[in-house]
Each structure stands twice: as structure tokens, then as C-alpha cells.
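Colleague: Below: one structure in C-alpha cells.
The values are calculated or read from the model by the stated rules, or taken from the named source; none is laboratory data. Just so it is clear, the model here is predicted, and its values are computed rather than measured. We place every Cβ from the backbone using ideal geometry, glycine too, and count neighbours over all the protein chains shown. These area figures cover heavy atoms from the full protein model, side chains too; ligands, DNA and RNA do not enter into them. Shrake-Rupley method; radii C 1.70, N 1.55, O 1.52, S 1.80 Å.
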Amino acid sequence: MKNALPFVIILLLFNACNQPQQSERDVFVSELISNMTLAEKIGQMSQINITEIIQDSIVEDYANVTHYVIDTAKLEKYLGEFHIGSFLNGRSVSAENWHYVTSTIQSINQKYSDVPIIYGIDHVHGASYLKPGTIFPHNINVASTFDTRHAFNTGNVAAYESADLGHKWIFAPVLGLGVAKWWGRYYETFGEDPYLISQMGLATIAGIQDDATTAPHKTAACAKHFLGYSDPKSGWDRAPALIPDQTLREFFLPPFRDAIDAGVKTIMLNSGEINGIPVHASYEILTTLLRDEMGFEGFTVTDWLDIIALEKMHYVAENEKEATYMAIQAGVDMSMIPTSPSFCILLKELVEEGRISEARIDESVRRILNVKYDIGLFDIPIVENPRFERVGTEENIQKAKQAADESMVLIKNNNNLLPLSKSSKVLLAGPNAKNKIALCGGWTYRFAPQKERWFPEDMPTVHDALESVFGDSYAFANYDQLAVRARNSDVIVLALGETRAYAETQGTIDDLTIDKEQTELFKAAKATGKPVVVLLIEGRPRLIPDIVDEADAILFAGLPGIYGAESIAEVLAGDINPSGKMSFSYPYKHGHIIPYNYKQAEFSELREVSDALKRHTIAPFGYGLSYTTYEYSDLKADATEIGVTQKLIASVTVKNTGDRVGKESVLWFISDEYGTITRPVKELRHFEKIELEPGQSKTVTFEVIPAEDLSYPDKHGKEYLEPGDFRISVGDQEIKFKLN
Ligand code: BGC
């Protein structure tokens, strides 16, 4: 055999060259896992809420918590006995207090484990659980800016302000398709168009995961809630969804696919069921689709209580142990348990009984440790010298204010009533005139803040902001004073919409129409004979069928956040030229709520309905007025026919024909004239926001890539790229081309 040695060496070398290269991370994580006990591994898959590790007296009065004190005995139990790898959440407390919380957890954890804790938090519109974190508008507004810079800033400022406090995992962005307009989480979505959601989602993720911003720390984003959460059939939170596979793939899935391709590190799952299967128990969704097909390599976290929900909400499991079995076998990596160690105990039993393999556990633990490694937690588990001065800087505030400014959508402006001259006598009324809560909505300082005292004292209400812009010519009236005070005013502004903040189930309603009292207030205002401007401050489109035609002007302000009232006042006074466009179609009445990208058969020539019935929206997706005017001209393409591997470049010239500088979002739509699977009437495929001086023109372009812009999936995910006629529309321009 002595002559065999050179051969063995060659073989070893050959094998070594053909082994997939192990990265430093792989070696590090493998080594760790090989030294972990089963209980330690399961602990990494477990996430516990902060209420479990703080002093009892604080928990007892949790609605009023302003400062956390850790109960170290409780914490030691979770860390020593259950080796918990993640904690979550809280309410807004000071930066110093947050730093104390996360450092205490990490340092006590070091007694028991070499693996640092990952702390997750709902900083969903800026650092919203931090006092005084910078609060941005909610996503529904950010989307209406049609400028991804604002989505980037929303995530980026949240990470900038909170990474030093030990918040290395932000539960954002929401990537749900905003189609159920009565849903209590509508405002958390980026509206109803998959492409807009993708672009805004990608920018938010880039903002959160921008290591340069948080260096030397790093933060992970969390795309949520995978998949289909945003379309509960009844409109109530977490109610069952019925979504055909083809629809799921064509409209709900792309924002998640894009987020994965862009490297989002974690994904939170949908608490609900789709087509009879709870997502948390679906191998098809969590493994076949998410892992095998979409190639997601980060880790998934359940939503709140959702393994337990398989037993207690969906009734697919007889008990929590079976629920745990189902969820883990389906592909869940981490359980947001979140208020007991039950998951740790049951999962351990399942492995010890041989029902779940340790290899399956290792798979999830590896994904979790990989993320912990990637965000540098092993290098810097505890933040020394935290930069508290990063919180609420003037620069951050300006970014939030700009996002609010550009999110205002002017829906109606009869006879150019707006902007108002600063000397006009403005009378303000309405339930949102002096309401801070209504401007910010849920997930602001608290889950669903109901008390003004949680908000900064110097936060302007609409009343404050109008008073400061219009000075002596401004007045306020309550309902009883309205008629009398109106006599001495030029215009009435009504601050209407939703008057309280809500989140999740608390946002459940049984009628989308605006409160009767508000319609009555509007009628009383109209009866004065003065022009009436309606402000819609709300997280979803409350229907205003008895207001829309009579109002002289309507401004959709959505949930613009802490600085939103100033944006509103500046728009009314003309200091800001509104540039927002609807990120969803605002429904007219209950009867026919459809998105802008409806199918042809909604309004078929063969079954003609009256124009009155056709009126389903008061402001379609992409609609928004300005104080200047824009003219679109000269739409052309560099070809009239292209092959499937060719590109087509279209261009259009946009001119500011008014007398004010303005920002115009140029929205490019494509319509596919015929399809094997029925096609939407049009679909957004590209957008760009440009600024134009009066008289200035700019030519903008759109590159059509057939595989991306003209194809669509069937229910199995097979892409169809069908030859035929297509239309490109932008502004009032339209051209056709053929795909060969
Ligand atoms: C929500 C999530 C949130 C989580 C943690 C859940 O109830 O659905 O969006 O991130 O709680 O607070």
C-alpha cells in the first residue's frame, strides 16, 4: 500500500477543493451549536415579552408605565432555566432606561450563555417606543409621498436612534397588501399596490439595515406578516382570509420576494389562516414556498401567541404541545411565546420523545445564530458609551416633518379655494381640531395610546398649527359656537376622521362610514354658507358619501405623526404645495369597494351599469391635486414591438404649467390587453418624483423589461409572458406596443 500515499493526498486535496467553502460564520456557529444542550438550543428559539421580567408593581399598572425596573430574579429564571434567546417590546421610556434594560438582560445572560440576546421592538414609524423618539407618519402616508427616501428615513432614523439602546431588531416593515380598507391595521400598510409596497418596503429595510448609520452596531429588519394577513374576509383583525393561490402569488407575495432578495434578515408570520390553513401550521407556506422556492435564509418569528393560537384560536391542534409540533414541523424558527416558558418545555419533550428531530432544531438555531452573528451581537453584546444624543435630533425631526409634508393628498379644491391667504379669517372646528392622538394613531409611544399625556407637550395640534400660521385671523369653534362664529369668518376648516388611536383588534369596526356626528357637523358648517375645507385625519378611508360632493376642498392627511399638524397648516396656507398622491383608492360607498387594479369584468361592456354605480372611488390610487398644474406630453417609446428578451424605453415630458414650484410623482402604468389569466385594468410598474420650477420641463423615462414588467404567475408560480398588445400610460398620455 505504500505507493498509495500520493494518491490519498491527491484525493484529500480534491475533496477539500470540492467542499463548499465554510465561512467564518459557519465555522463559528457550527462550533457553538455543537456545544449547546438541547435546552439551550430551544431557548434560542424562544422569545419572551418584557412584562415577564420587570417588577410586579410595574406590571400591575402597565397601562401607565413610564420607566422599567428589571426584576432580576424573574430574568435569572428565564435565562438560567430556559436559556431564552430573545426578548421583545415595551412602551416608550427614556433612552437611558432602554439602555439599562437591554444591558441588564445581556449582562445577566452572560452568566449563563455565550450567545447574546436579540431584543425586538415595534419601532414601526420611527423610534415609536422611545421617549422622545422621532415619530414619522405611518406607512399609509409614507406611501403617498411616492418618494422612497421617506421610507428609507423612517427605518433609518428608527435604527439610528435606537441601535445604541440595544434595540437591534426592528419589527418593520409591514409588507401586507392594503386591500381590506376596514381592517384595523390598514394604516400600517403601504397601500394597495404591490409594486409601491415593494419599493417602500425595500427602502425601509435598507434604512434599518444600513450598517453605516448605526456603526459599530447593526440592526435587523423584520418583514411582516408573511403571508396574506392584510385581507381578512370580514375585515376584522386576524379573521380568516380566502385568497386564491394565483392572487397570493401575483399580488401578495412580490413585496416579500423582493425583501428576501434584498437581504431582509427576519420575517414575522401571519397570525391568521388562509384558505382554511393557519399560516403557522403550513409547511407549504413556511417551508416549500418561503425556503425552497423563495430562498429565504434568515429566521422566521411567529407573531404574538401564535403557536398557542393553533390550539385556542384556529382549533387545528388539540393542545399546546400538538400546536408546537405543528408549527415547528411547518418551519417556524422562533416562537413569540411570549408570556410563559411553555414552548420551551413542550418542544423539549417533543424532541426527547423523538417526534421532532434534533436536526430540525439545529436548523432553526443555526438561522437564528447566523443573524445574531451578522448583526455583530457576539462582538458587541452590550453597548458601551451609548450615544443618547442621537435621539430626537433636529435633523431627524426635519426628516419626519418632510415625510409628513409630502404625504398630504389634496383630493378636492373647488375654485382653487386653497391655498388660503394668510389674512383670511379661518374658523376651525371638528373632533380632531385639538386631538394629538388622532394625528399619530396606534403604535405611538404605546400600543394604542388613549391619553394626551403620552404625547410631547409641545406637539402642535391642528388648532395650534393653524393659530401659529394664521395668527389673529384664526378662530376655533365648538359645535354650538359654529353658526355664530362663522359669520365673522371667510372659511371653515373641519378636522374630521378617526378620533382615537387603535391597533390590531382595537381597530375593529362594524361600519366604515364616518361618525354620524361628523356628517352633521359638516352639514351645520355648510349651512352657514361659508366654504368648507374638510381634513381627513384617519388611518383608513372612512366613507364620506354625504360630504364629498358638498365639501369645497378635501385634504387627506392620514396619520401624519407628531409634526403632521404643521404640515396640514402649511398646506392650507400655501407654504407647502401638496404633492402626495393616494396610495389606495378611497372608496365612495360601502357597496363596491375595489382597488384601482381591478379586473375588466368589474365594469363589463356586456353588463353596462350606470355611471352612478360606476363611481366607486372619490380619489383613485395615484390621484392628488397640486397648487400648480402639470402638463404631460410627447410620450414615446423607442420601439413599437419588442421580443421577450428585449427592452423598451419609454419617455415623457412633464412641464410645470402653473406659477408655483411643485413636486410631481410621475406614475407609469402598464395594461396587458388580453391574458390567459384575467389581467388588472392597469398596474403601476415604475414611479419617480420630480421637482419642477414654474415653466420648467423635464423628460423622464421608464425602461420596460418584459420578464419583470409584463409577466405574471399562475397559481403554481409558473410565469406567463404572453405575446400581444400592451399599453403604457402616464399622466393623460398613452401608447401601445406589442410583445412578440
Ligand atoms: C403584532 C406584530 C407585532 C408584535 C409584537 C403582534 O401582535 O401583530 O405586528 O410586531 O405583536 O408587538
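Colleague: Work out the charge dipole of the chain with +1 on the Cβ of Lys and Arg and -1 on the Cβ of Asp and Glu about the Cα centre, then indicate which of LEU347, ALA601, HIS167 is farthest towards its positive end.
Modeller: Of the candidates, ALA601 comes out farthest on the positive side.
Colleague: Could you tell me the center-to-center distance, by alpha carbons, between the stretch 694-723 and the stretch 33-62 in angstrom?
Modeller: Centre-to-centre distance over Cα atoms comes out at 47 Å.
Colleague: What nm distance separates the two modelled labels at GLU96 and SER697, each placed 7 Å from Cα along Cα→Cβ?
Modeller: Taking the simple label geometry, GLU96 and SER697 are separated by 6.1 nm.
Colleague: Can you tally the net charge around ILE42? Count Lys and Arg as +1, Asp and Glu as -1, for every other residue whose Cβ sits under 12 Å from the Cβ of ILE42.
Modeller: With Lys, Arg at +1 and Asp, Glu at -1, the net is -4.
Colleague: Please work out the FRET efficiency for the pair SER234 and TYR674, using the Cβ-Cβ distance as r and a Förster radius of 30 Å; give the result to the nearest 0.05.
Modeller: That pair, SER234 with TYR674, gives E of 0.30.
Colleague: Using the Cα centre of the stretch 539-589 as the reference point, and only Cβ charges (+1 on K/R, -1 on D/E), how large is the resulting charge dipole? Debye, rounded to the nearest 20.
Modeller: 380 debye
Colleague: On to the next question. Nothing charged except the Cβ atoms of Lys and Arg (+1) and of Asp and Glu (-1): what's the magnitude of the dipole of the chain about its Cα centre? Round to the nearest 20 debye.
Modeller: With only Lys, Arg, Asp and Glu charged at Cβ, the dipole is about 660 debye.
Colleague: Can you tell me the equivalent ellipsoid semi-axes for the stretch 218-299? Use √(5λ) from the Cα gyration tensor, largest first, whole Å.
Modeller: Largest first, the stretch 218-299 gives 21, 13, 12 Å.
Colleague: Suppose R0 equals 56 Å. What FRET efficiency, 1/(1 + (r/R0)^6) with r the Cβ-Cβ distance, do ASP725 and SER424 give to the nearest 0.05?
Modeller: 0.65
Colleague: Note the per residue figure in Å³ for the convex hull of the C-alpha positions in the stretch 616-736.
Modeller: Cα-based convex hull of the stretch 616-736, divided per residue, equals 109 Å³.
Colleague: Compute the Cα gyration tensor for the stretch 545-663, then decide on rounded, prolate or oblate, letting a ≥ b ≥ c be the square roots of its eigenvalues: rounded whenever a/c is under 1.5, prolate when a/b is larger than b/c in the other cases, and oblate in all that remain.
Modeller: Taking the square roots of the gyration eigenvalues as a ≥ b ≥ c, the stretch 545-663 is oblate.
Colleague: Please determine, in degrees from 0 to 90 and to the nearest 10, the orientation of helix 148-162 with respect to the longest principal axis defined by the Cα atoms of the chain, where the helix direction is its Cα long axis.
Modeller: 50 degrees
Colleague: Using a 1.4 Å probe on the protein chains only, how many percent of the accessible area of the chain belongs to carbon and sulfur?
Modeller: Result for the chain: 50 percent of the exposed heavy-atom area is carbon or sulfur.
Colleague: Let me ask you something else. Based on Cα coordinates alone, diagonalise the gyration tensor for the chain, multiply each eigenvalue by 5, take square roots, and list the semi-axes in whole Å, largest first.
Modeller: Ellipsoid semi-axes (Å, largest first): 45, 33, 24.
Colleague: What's the Kirkwood radius of the stretch 376-498 in Å, using all Cα pairs?
Modeller: Kirkwood radius, the stretch 376-498: 17.6 Å.
Colleague: Also, quick follow-up: Could you work out the relative contact order of the chain? I mean the mean sequence separation of Cα pairs under 8 Å and 6+ apart, divided by the number of residues, in percent.
Modeller: Rounded, it is 13 percent for the chain.
Colleague: Same structure again: List the trypsin sites (Lys or Arg not before Pro) within the stretch 229-302 that DSSP assigns to loop and that have no more than 16 neighbouring Cβ atoms inside 10 Å.
Modeller: Answer by residue number: LYS233.
Colleague: Further question: Rounded to the nearest 10 Å², what accessible area does ARG540 have for a 1.4 Å probe in the complete protein model?
Modeller: The accessible area of ARG540 comes to roughly 0 Å².
Colleague: Relative contact order (percent) for the stretch 206-354, with alpha-carbon contacts under 8 angstrom and 6 or more residues of separation?
Modeller: That works out to 19 percent.
Colleague: Go through SER230, ILE197, ALA212 and say which Cα lies farthest out towards the positive end of the charge dipole of the stretch 180-233; charges sit on Cβ, +1 for Lys and Arg, -1 for Asp and Glu.
Modeller: Looking along the dipole axis, the top candidate is SER230.
Colleague: I want to check the label-to-label distance for VAL681 and ASN740. Put each point 7 Å from Cα in the C-beta direction and report it in nm to one decimal.
Modeller: 3.3 nm
Colleague: Additional query: Using DSSP loop states and a limit of at most 15 other Cβ atoms within 10 Å to flag GluC sites (Glu not before Pro), what is the longest stretch of the chain containing no flagged site?
Modeller: 1-296
Colleague: Moving to a separate point now. From zero up to wherever the largest Cα-Cα distance of the stretch 314-359 sits, split into 10 Å bins and tell me the percent of pairs in each.
Modeller: Percent of pairs per bin, in order: 26, 63, 11.
Colleague: Taking 0.36 nm per intervening residue step and subtracting the Cα-Cα distance, what contour gain separates ARG291 from HIS592 on full extension?
Modeller: Full extension from ARG291 to HIS592 adds 104.6 nm.
Colleague: May I pose another question? For GLY126, what residues show an amide H to amide H distance below 5 Å, using hydrogens built from the backbone and excluding near sequence neighbours?
Modeller: PHE136, ALA158
Colleague: In the calculated pair distance distribution of the stretch 107-261, what percentage of Cα-Cα distances lie above 28 Å?
Modeller: Percent of Cα pairs beyond 28 Å in the stretch 107-261: 23.
Colleague: Let me have the 222 nm mean residue ellipticity of the chain computed from DSSP H runs of 4+ only, each contributing -39500 (n - 2.57), with the sum over all residues rounded to the nearest 500.
Modeller: After summing the helix terms and dividing by the residues of the chain, the value is -8500 deg cm²/dmol.
Colleague: Select from LEU721, GLY662, LEU648 the residue farthest towards the positive end of the dipole of the stretch 638-740; place +1 on Cβ of Lys and Arg, -1 on Cβ of Asp and Glu, and compute about the Cα centre.
Modeller: GLY662
Colleague: Sort out for me the Cα centre separation of the stretch 321-343 from the stretch 600-614, rounded to whole Å.
Modeller: 49 Å
Colleague: Any chance you could run the full-extension gain for VAL661 through SER604? It's 0.36 nm times the residue separation minus the Cα-Cα distance, nm to one decimal.
Modeller: Here the segment from VAL661 to SER604 would lengthen by 16.4 nm.
Colleague: Amide H to amide H under 5 Å from LYS425: which residues, 5+ apart in sequence or cross-chain, H placed 1.01 Å off N in plane?
Modeller: Placed amide hydrogens put ASP490, VAL491 under 5 Å from LYS425.
Colleague: What full-extension length gain, to one decimal in nm, is calculated for ASP732 and SER468 as 0.36 nm per residue of separation minus the Cα-Cα distance?
Modeller: 91.2 nm
Colleague: Let me ask something else. Just order 62-68, 178-184 by mean Cβ neighbour count inside 10 Å, highest at the front, would you?
Modeller: 178-184, 62-68
Colleague: Here's another thing I want to ask about it. Note down the net charge around ARG360, summing +1 for each Lys or Arg and -1 for each Asp or Glu among other residues with Cβ under 12 Å from its Cβ.
Modeller: Once positives and negatives cancel, what remains is 0.
Colleague: Something else: For ASP549 and GLU24, what does the FRET efficiency come to when R0 = 60 Å and r is the distance between their Cβ atoms, rounded to the nearest 0.05?
Modeller: For R0 = 60 Å, the calculated efficiency reads 0.35.
Colleague: Mind checking the log10 I(q)/I(0) for the stretch 380-445 at q = 0.29 Å⁻¹? Debye, one equal scatterer per Cα, no solvent, two decimals.
Modeller: Each listed q maps to, in turn, -1.24.
Colleague: Under 1.5 on a/c is rounded, so check that first for the stretch 216-373, then, if it is not, pick prolate when a/b is larger than b/c and oblate when it is not; a ≥ b ≥ c are the square roots of the alpha carbon gyration tensor eigenvalues.
Modeller: Oblate shape, in that a/c is at least 1.5 and b/c is the bigger or equal ratio.
Colleague: Could I ask something else about it? Starting from the Cα of GLU76, step 7 Å toward the Cβ, then list every residue of the stretch 114-135 with an amide N under 19 Å from that point.
Modeller: In the stretch 114-135, the label zone of GLU76 (backbone N under 19 Å from the point 7 Å along Cα→Cβ) covers 114.
Colleague: What number comes out for accessible area per residue over the chain if the probe is 1.4 Å? Units Å², please.
Modeller: Per-residue value: 38 Å².
Colleague: Could you check the simple spin-label distance between ALA212 and ILE690, using points 7 Å along Cα→Cβ, in nm with one decimal?
Modeller: 2.7 nm
Colleague: Which distance in Å, rounded to a whole number, links the C-alpha centroids of the stretch 575-589 and the stretch 204-251?
Modeller: Cα centroid to Cα centroid, the span is 23 Å.
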